[in-house]
Every structure is written in structure tokens, then in C-alpha cells.
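Undergrad: Let me give you the structure first, and then I'll get to my questions.
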2 protein chains.
Amino acid sequence: MTSSHTPSYPQDSIGVLVGLVRGEIVRKLEAEMQAAGIELRFTQFLILKRLALMGPMSASELARAVELDGGAMTRQLDQLEGKGLLRRLPHEQDRRALRIELTPAGDAMWQQMTPCNEHVLDAAQKALNPTEREQLRDYLVRVLDALRDMN
Amino acid sequence: MTSSHTPSYPQDSIGVLVGLVRGEIVRKLEAEMQAAGIELRFTQFLILKRLALMGPMSASELARAVELDGGAMTRQLDQLEGKGLLRRLPHEQDRRALRIELTPAGDAMWQQMTPCNEHVLDAAQKALNPTEREQLRDYLVRVLDALRDMN
DNA sequence: GAATAATATTTGTCAAGGCAAACATGTGTT
DNA sequence: AACACATGTTTGCCTTGACAAATATTATTC
């Protein structure tokens, strides 16, 4: 073959770059968790993180928050409930909905995952100083808003 | 429920932001293509783009370029070959490998897709001036390198 | 130069996610 | 109140992609 590894992105679009960064973050975070003895996929990490940081919410709110299909969310909740990490309770104001909340075991799991999350994010931003980190966040938010405004 | 849409990311990590941007790019590009009468998924777009810009290459080179599993690549090539967009030819130097190349129909398809691609990328960067676009690219490359160096 | 290891492609199997249908409940209109 | 319509959850179906095994060929080692 011509070359050996992945030295690409000399003139890749930001679309490609964003995809590569996203993929690398997912892989590294899953590797960190596995190394810590945590058997969870990236999606499940996102769900637990959301619940830990934002508190109980309905399944559909959770699905929108992590950009997951409603059906897929049902199955993820099945798994996480099966592992004892969260509970499905009836929603007080809406009898259609559920109140998804972390169990103590789920809280403890989040405590274990926190260092993995921070480790990956710190590594990702290692080559950026605080000003640059803030700029990157700002640019990403502006790109996201621009895309969502696209019609 | 509490709020209505997707006004999130006030304090989301760059990991979450990158994921949101990536998802939005995929959705918008697929919508653009569909509106142009092109029945292709994002992955197939990436494969054709790669072949159009970099010329013929082996299936495994292609798989590495678009970060796709080898088995998945085989099936994508089946589909794209079935649509007459590319050909599998024997590789001159390596009898294990294939030489994947676009057909004239594949070239024509790329010509049709180009405006979709540019439209989405322009929209994404609409709120960034040229200097900021260059900075964003630079930051993303540095983040990607930092993640890959992580051990 | 034979044996061993590495790589390219294909196929089978499985998990995950999107879409649509079904059903329950909530919201709004008249 | 009755109606239509929207939303929340679940389930079935299908596609996609990762992983592993099988086979063919190339590269490396002794």
C-alpha cells in the first residue's frame, strides 16, 4: 500500500474533522471506562451523565437530550434498569410519561465514570490554552446554531 | 414538559458539542441530497467523495479513509456497485486487493452531490469569518492529534 | 526456500438505532 | 362534552456497523 497509518486531514473539511474528533472521543471514552472495569457503551454513558447532572426527567426528554430515538431509548432504559442503575417511576404531572431517576447504584456508577470523562476531555484539550478552549466552544456553538437555522 | 425544543448546550462539554455538530451535518447533508433526488446515505456520500477526490484505491484504504469496518465496506461496495456508481477491478500490484474506481455514472453522481456538500459546509461556517474558520480547523486538528496521542 | 506472521476481502452473527404502528394520555377547539 | 390532534412509551421490522472466522495472498523470519 502507499502509506501506513492515519496521517490524513491535510485539506479535510470541518465536516470530516468533526466526525473524526467525535469518533476518537467515543473510542477513547469507552476504552477509559473499560479500563476502569465499567461495562457501558457511549450512549449509556451519555444517559447516565444527563441524569446525574440534570436530575430526573421523562424518557422523551432524555431521548431529546442525547439525540436518541424514542424506541432506542426504551431499550437502553431496559438495559440500564436491568443493571440496577436507574428506575422507572410514574410521572407526577403526566400519566403517559415516566420519571427516570438514578438509583444509588447509578449515582455511584456516575462517580466512577466522572474521572474517565474528565480524563478524555482534558486530553482532548491538552494542546489548547484556556482562551483557545473558550474560542473552540464558541465556534462550535455558532456552527451548531447556523446549521439549525439552515432552511 | 418543561421546555419545548433543543435550546440546550449552555454548559455542554466540547465532546457533546462535537457530537451535536456532527449529527446536524449528517442530517442536513442527507436532507440536501434527498431534496436533489439523490438516494444515498451519509456513509455512501463519504465513499464517493473520497474516490472522486483521491482517485482509485483499494477497499481497505477506502475503509481506513472513512473510518469504516472492512466488512461494512464490502457491503457498501456491493450496494454502490449495484447502483453502477463504482467498479471493483483487480489490483495491479496486490492480487489480494481490489482497485475501486468510480464509473462515469459515479463521477456524474459526484458532480450532482458537490453542491449539496458545499451548501451544508457554507451554511455551517456562515457565522464564522475566514480567520475564525481557519482557527476552528486548526483547533480541531490539534484536538484530534491530542486524542490520538493519548495513551 | 519453507514456515510464520501480517494484510485484503468476504461472510456470518450480533447489537444499536431509525422508522412506523399501536396504544394511552394530554391538549385544544368548537 | 365531544372531537380532532399532539405527545409519551412500547414493540416490530429493517438497515447499518462492529467483531470474529475463513480464505487468499503477500511480507517476514529463520
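Undergrad: Which angle between 0 and 90 degrees, to the nearest 10, do you get for helix B:70-82 versus the longest principal axis of chain B when only C-alpha atoms count?
TA: The answer is roughly 70 degrees.
Undergrad: Given the whole protein assembly as supplied and a 1.4 Å probe, what does the accessible area of B:Arg64 come to in Å², nearest 10?
TA: Its heavy atoms expose roughly 110 Å² to the probe.
Undergrad: What fraction of the Cα pairs in region A:12-55, stated in percent, has a spacing above 14 angstrom?
TA: Considering region A:12-55, 59 percent of its Cα-Cα pairs are separated by more than 14 Å.
Undergrad: For the protein assembly as shown, max minus min Cα coordinate along each principal axis, in Å, sorted largest first?
TA: Cα spread of the protein assembly as shown along its principal axes, largest to smallest: 64, 42, 41 Å.
Undergrad: Tell me: how much accessible area in total is hidden between B and A, 1.4 Å probe, Å², nearest 100?
TA: Working: alone 10860 and 10870 Å², together 15790 Å².
About 5900 Å² of accessible surface is lost on pairing.
Undergrad: Based on the Cα coordinates of region A:15-146, what is the per residue volume of their convex hull in Å³?
TA: 134
Undergrad: Given the protein chains as shown and a 1.4 Å probe, how many square angstrom of B:Val26 are accessible, to the nearest 10?
TA: That residue has around 30 Å² of solvent-accessible surface.
Undergrad: Kindly provide the helix-only [θ] at 222 nm of chain A, computed as the sum of -39,500 (n - 2.57) over DSSP H runs of four or more divided by all residues, to the nearest 500 deg cm²/dmol? Could the numbers behind the result be given before it?
TA: Numbers: 6 runs with 96 residues, N = 151.
-21000 deg cm²/dmol, from helical runs alone.
Undergrad: If you don't mind, another one. Under a 1.4 Å probe, what is the accessible area of the protein assembly as shown per residue, stated in Å²? Before the final figure, lay out the partial values.
TA: Numbers: 15790 Å² over 302 residues.
The answer is 52 Å² per residue.
Undergrad: At a Förster distance of 41 Å, what's the computed FRET efficiency of A:Gln93 paired with A:Arg41, Cβ-Cβ distance as r, to 0.05?
TA: Given R0 = 41 Å and the Cβ-Cβ separation, E is 0.85.
Undergrad: With 30 Å as the limit, write out which pairs from B:Lys49/B:Lys126; A:Lys126/B:Lys49; B:Lys28/B:Lys83; A:Lys49/B:Lys126; A:Lys126/B:Lys126 have Cα-Cα distances beyond it, or answer none.
TA: A:Lys126/B:Lys49; A:Lys49/B:Lys126
Undergrad: A further question follows. How do B:His119, B:His91 stack up against each other in accessible area, from largest to smallest, with a 1.4 angstrom probe?
TA: If we order B:His119, B:His91 from most to least accessible, we get B:His119, B:His91.
Undergrad: Using a 1.4 Å probe on the heavy atoms of the protein chains only, list every residue of region A:20-35 that has 10 Å² or more less accessible area in the complete assembly than in its chain alone.
TA: A:Leu20, A:Val21, A:Arg22, A:Glu24, A:Ile25, A:Arg27, A:Lys28, A:Glu32
Undergrad: Which residue is it, in chain B, that holds its beta carbon closest to the axis of the B-onto-A rotation, and how many whole angstrom away?
TA: B:Arg22, 2
Undergrad: Between B:Leu20, B:Leu102, B:Leu51, find the one with the highest GNM mean-square fluctuation for chain B; connect C-alpha pairs within less than 10 Å.
TA: B:Leu20
The values are calculated or read from the model by the stated rules, or taken from the named source; none is laboratory data. Because the structure is predicted, anything quoted here is derived from the model rather than measured. Cβ atoms come from the backbone with ideal geometry, glycine included; neighbour counts cover every protein chain shown. The area values use the complete protein model at the heavy-atom level, side chains included, leaving out ligands, DNA and RNA. Shrake-Rupley method; radii C 1.70, N 1.55, O 1.52, S 1.80 Å.
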